[in-house]
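The values are calculated or read from the model by the stated rules, or taken from the named source; none is laboratory data. No experiment lies behind these values; they were computed from the predicted model shown. Quick reminder, even Gly has a Cβ in these numbers, built from the backbone with ideal geometry, and neighbours come from all protein chains shown. These area figures cover heavy atoms from the full protein model, side chains too; ligands, DNA and RNA do not enter into them. Shrake-Rupley method; radii C 1.70, N 1.55, O 1.52, S 1.80 Å.
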Amino acid sequence: MKSPLLSLPGAVPAEGRDEGVAAHYGDLFREQRALADGSGLVDLSHRGVVAVTGSDRLAWLHLLITQHVTELAPGQATEALILSANGHIEHALYLVDDGETVWMHVEPGTQGDLVAYLESMKFFYRVEVADRTEDFAVVHLPAGSIAEVPDGAVVRETPHGRDLFLPRAGLEAYAAEHGPLAGVLAYEALRVEAHRPRLGFETDHRTIPHELGLIGVAVHLQKGCYRGQETVARVHNLGKPPRRLVFLHLDGSEVHLPGPGTPVRLASDGPEGRQLGFVTTSARHHELGPIALALVKRNVAVDAPLLAGDTAAAQETVVEP
């Protein structure tokens, strides 16, 4: 989905997974500061939107996802995962129920596979699943925002801000009234600062929830069976995940940020040393300077100086070893 807001003056298109919306509108740090101060909005209209209706929707979803939702109250936001049979993360869902429909937004381009999976699991349950991406756009308002929410709009409110599900036809008018606009680079920098993992960025084909600190956030340990639960329970009760998420403060004298996939090594081993992990997301922060998230082997010492490629990096613990 290509956003109409890309036609606004100063809009620079994002690339890769965020293609379709603006990376920034001409001033990355100003946009970050506005979001940090609780003003402006972020166009996330490239994200997939899926809706589940029917009287059995919560009980049915409860059987499929990692979150406890049988008693999810209208307006209460939550997040959940869908795992493979081996416990690897396949989908990340950001949900809210409005009393009649469960609305969720997901990573761009993943909604088709998600809908196909949900349709295959309907059986005799009274539910209907629909891809609503063409009809609804996601807009993010930062924490502290006093922007008005249109009547009838579905709101998913979290400590990090509010996600609005707006009719796509009203996106331009709402943005014009409640700007200034901030691009996804500003949104991503604040996400990295908050240590929040993202599907397809902090995950690969073998990521399990424990590596990213998602137990208790998107994974409820006191609920019935779901696909991949055996792995979740076994690692939680009997072992440790093979990798862990870390936050990196990068050397600010470097001109280029280490991109996703950049090898992470011990600084003492030098740039030719044994690879112990890799960068997942890097960003330039308006206060912290260059920062990143990375996945490293669990046994890497929490106080060990690291190298991200050729860039010196000091780590903060996100997931305990």
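In the stretch 286-304, the residues that are farther than 29 Å from F29 by Cα form Cβ pairs under 6 Å with partners that are of a type in the set (D, E, K, R) and in a loop (DSSP other than H, G, I, E, B), at six or more places apart or across chains, as follows: R298/K240. If you go through the stretch 169-184 one residue at a time, do you hit one that is crowded, with 21+ Cβ neighbours inside 10 Å, in contact (Cβ under 8 Å) with a residue 40 or more places away in the chain and either among the β-branched types (V, I, T) or part of a loop (DSSP other than H, G, I, E, B) (or both)? Within the stretch 169-184 (the criterion being crowded, with 21+ Cβ neighbours inside 10 Å, in contact (Cβ under 8 Å) with a residue 40 or more places away in the chain and either among the β-branched types (V, I, T) or part of a loop (DSSP other than H, G, I, E, B) (or both)), the answer is yes, since at least one residue qualifies.
Residues in the stretch 188-231 that are farther than 16 Å from L93 by Cβ and part of a helix (DSSP H, G or I): E188, A189, L190, R191, V192, E193, H210, E211, Q229, E230, T231. Cβ-Cβ contacts under 7 Å between residues 6 or more apart (or on different chains), taken from a first residue in the stretch 54-74 that is on the phi > 0 side of the Ramachandran plot to a second residue that is open to solvent by 30 Å² or more (accessible area, probe 1.4 Å) and not in a loop (DSSP other than H, G, I, E, B), are listed as G54/E128.
Tally time: how many residues in the stretch 304-321 are in a loop (DSSP other than H, G, I, E, B) and either in contact with a Lys or Arg (Cβ under 7 Å, 6 or more places away or on another chain) or aliphatic (A, V, I, L, M) (or both)?
Of the residues in that region, 4 qualify.
From the list V149, V155, V139, which residue is among the β-branched types (V, I, T) and closer than 19 Å to R198 by Cβ?
Testing whether each residue is among the β-branched types (V, I, T) and closer than 19 Å to R198 by Cβ leaves just V139.
The sole residue among E100, E90 that is free of Cβ contacts under 8 Å to residues at least 60 places away in the same chain and farther than 20 Å from H220 by Cβ is E100. Taking the numbered list (1) farther than 24 Å from L64 by Cβ; (2) crowded, with 18+ Cβ neighbours inside 10 Å in turn, P209 passes all entries but (1). Which residues, taken from the stretch 212-243, are open to solvent by 20 Å² or more (accessible area, probe 1.4 Å), among the β-branched types (V, I, T) and within 17 Å of the chain's Cα centre (by Cα)? Within the stretch 212-243, I215, V217 meet the criteria. Number of residues in the stretch 244-279 that are under 14 Å from A292 (Cβ atoms) and either open to solvent by 50 Å² or more (accessible area, probe 1.4 Å) or hydrophobic (A, V, I, L, M, F, W, C) (or both): the value is 15. Can you tell me which residue is least open to solvent (accessible area, probe 1.4 Å) among those in the stretch 280-303 that are within 20 Å of A189 (Cα to Cα) and assigned to a loop (DSSP other than H, G, I, E, B)? Selected residue: H286. Residues in the stretch 217-235 that are out of contact with any Gly (no Cβ under 8 Å at 6 or more places or on another chain) and closer than 19 Å to P197 by Cα: V217, A218, V219, H220.
Tell me, yes or no, whether the stretch 21-36 has at least one residue that is of a type in the set (S, T, N, Q), in contact with a helix residue (DSSP H, G or I) (Cβ under 7 Å, 6 or more places away or on another chain), assigned to a helix (DSSP H, G or I) and farther than 30 Å from S120 by Cβ. Even if it seems obvious, please write down each step before you answer.
So the first thing to find is which residues in the stretch 21-36 are of a type in the set (S, T, N, Q), and the list is 32.
From what's left, in contact with a helix residue (DSSP H, G or I) (Cβ under 7 Å, 6 or more places away or on another chain): 32.
Still in the list and also assigned to a helix (DSSP H, G or I): 32.
Going one step further and asking which of them are farther than 30 Å from S120 by Cβ, we end up with 32.
Yes, because at least one residue in the stretch 21-36 is of a type in the set (S, T, N, Q), in contact with a helix residue (DSSP H, G or I) (Cβ under 7 Å, 6 or more places away or on another chain), assigned to a helix (DSSP H, G or I) and farther than 30 Å from S120 by Cβ.
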